[in-house]
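The values are calculated or read from the model by the stated rules, or taken from the named source; none is laboratory data. What you see is a predicted model, and the numbers here were worked out from it, not measured in a lab. Heads up, the Cβs are rebuilt from the backbone with ideal geometry, glycines too, and the neighbour counts pull from every protein chain shown.
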């Protein structure tokens, strides 16, 4: 299995996103502006823009993006045509590397970066740093695709298991709440009129007759 050494900058191109001034960010507009928080799922609020930019400043469904601030890492964009913010690079793979293989390579590299960060140390990644990093990759595109497919299937299974676990936790919480409500209702309920009760006056008469 042949591995080849490259500088990352020879395998892909990192394109800077656009830096916006606050007055340029709108609550409504033609294009969404994807920020790092939107990529990571931590922020569901969006800014918009009506500005028409050069084609490289937009991302489309299936594009590979890389967040280089706050929440680091690669993402495959699943939305429509969108403007990507300054803290995000669009990554264009060369002919030497499959896009999904590159995605997993960047993911592995990011985990390595984060493993070197301790405490409150801030990680700072520049485009020049990324481009100069040396990596070893499988020389065969077919082998790259095969590996990326296996990893993607594993990711899909992990995501499915996560969703199942989330649903189970939600179902358990709901069942627990229903149980507590039923238990509370049983404790506070009056004796049902349909249930037999002890008639003390009748019992007393029977005792006197027996005597």
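Laid out as a table, the results:
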item	result
Conditions (1) in contact with a strand residue (DSSP E or B) (Cβ under 9 Å, 6 or more places away or on another chain); (2) over 30 Å from residue 143 (Cβ atoms); number of the one not met by residue 1	(2)
Meets criteria (touching a residue at least 60 places away in the same chain (Cβ under 8 Å) and surrounded by fewer than 19 Cβ atoms within 10 Å (Cβ to Cβ)) for residue 48	no
Hits in the range 71-83 - residues which are under 16 Å from residue 20 (Cβ atoms) and without any contact (Cβ under 8 Å) to a residue 60 or more places away in the chain	82
Which listed residue is out of contact with any strand residue (DSSP E or B) (no Cβ under 7 Å at 6 or more places or on another chain) and in a loop (DSSP other than H, G, I, E, B), from 9, 42	42
Looking only at the range 57-76, and only at residues there that are at pLDDT 95 or above and not in a strand (DSSP E or B), the one that is surrounded by the most Cβ atoms within 10 Å (Cβ to Cβ)	63
Single condition residue 182 does not satisfy, out of (1) part of a helix (DSSP H, G or I); (2) at pLDDT 85 or above	(2)
Number of positions in the range 12-27 that are part of a loop (DSSP other than H, G, I, E, B) and exposed (fewer than 15 other Cβ atoms within 10 Å of the Cβ)	3
Residue in the range 33-43 that is surrounded by 15 or more Cβ atoms within 10 Å (Cβ to Cβ), more than 19 Å from the chain's Cα centre (by Cα) and assigned by TED's automatic domain parsing to the domain that holds residue 127 present	no
